[in-house]
Amino acid sequence: MIVFDGHEYENADDVPDIGSFRCDTVENGKRNYLGLSADVAKLPKKSVCPEYTDLKTGSTAYCVDDGSLYMYEESSDMWHEQ
């Protein structure tokens, strides 16, 4: 059993590729990620990573290399640059 980003997987091949992003904190169901801007397209989405049913509107992703900030919105299942 492997635990990655707060989710359990049977083996390493099942772990989704979210690039350099790692969850820094979880608060009231909102996940806060830190990573590199080159990996923004790899941020988790419910449609791509079904185990992320706990991903809530207001989750954020901060790109440490260029300072850009993204926020997740559930109904569109999209990360939007702020």
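In table form, for the structure just shown:
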| item | result |
| --- | --- |
| Met1 accessible area, 1.4 Å probe, all protein chains in place, Å² to nearest 10 | 140 Å² |
| Solvent-accessible ranking of Phe4, Phe21, largest area first, probe 1.4 Å | Phe4, Phe21 |
| Amide H within-cut-off set for Phe4, under 5 Å, with H built and near neighbours excluded | Tyr9 |
| Accessible-area value, Thr53, 1.4 Å probe, nucleic acids and ligands omitted, Å² | 100 Å² |
| Residue-span extension gain [Ser75 to Leu36] - 0.36 nm each, minus C-alpha spacing | 11.5 nm |
| Cβ-based charge dipole, the chain, positive-most Cα from Thr53, Met78, Phe21 | Met78 |
| Only Lys, Arg (+1) and Asp, Glu (-1) charged, at Cβ; the chain dipole about Cα centre in debye | 220 debye |
| Placed amide H near Asp24: partners under 5 Å, 5+ positions off or other chain | Asn32, Tyr33, Leu34 |
| Under 17 Å from the Cα of Lys30 - aspartates and glutamates, other chains or at least 8 residues apart | Asp5, Glu51, Asp54, Glu73, Glu74, Asp77, Glu81 |
| Label corresponding to Cα extents along the principal axes in Å when calculated from the structure given, among [x] 32, 22, 21; [y] 71, 19, 13; [z] 35, 27, 21 | [z] |
| Order of exposure, largest accessible area first, which applies to Asp5, Asp65 with probe 1.4 Å | Asp65, Asp5 |
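The values are calculated or read from the model by the stated rules, or taken from the named source; none is laboratory data. This structure is a prediction, so every number in the text was calculated from the model and none was measured. Because the Cβ atoms are built from the backbone with ideal geometry, glycine has one as well, and the counts that use them run over all protein chains shown. Remember, those area values only see protein heavy atoms, side chains included, never the ligands or the DNA or RNA. Shrake-Rupley method; radii C 1.70, N 1.55, O 1.52, S 1.80 Å.
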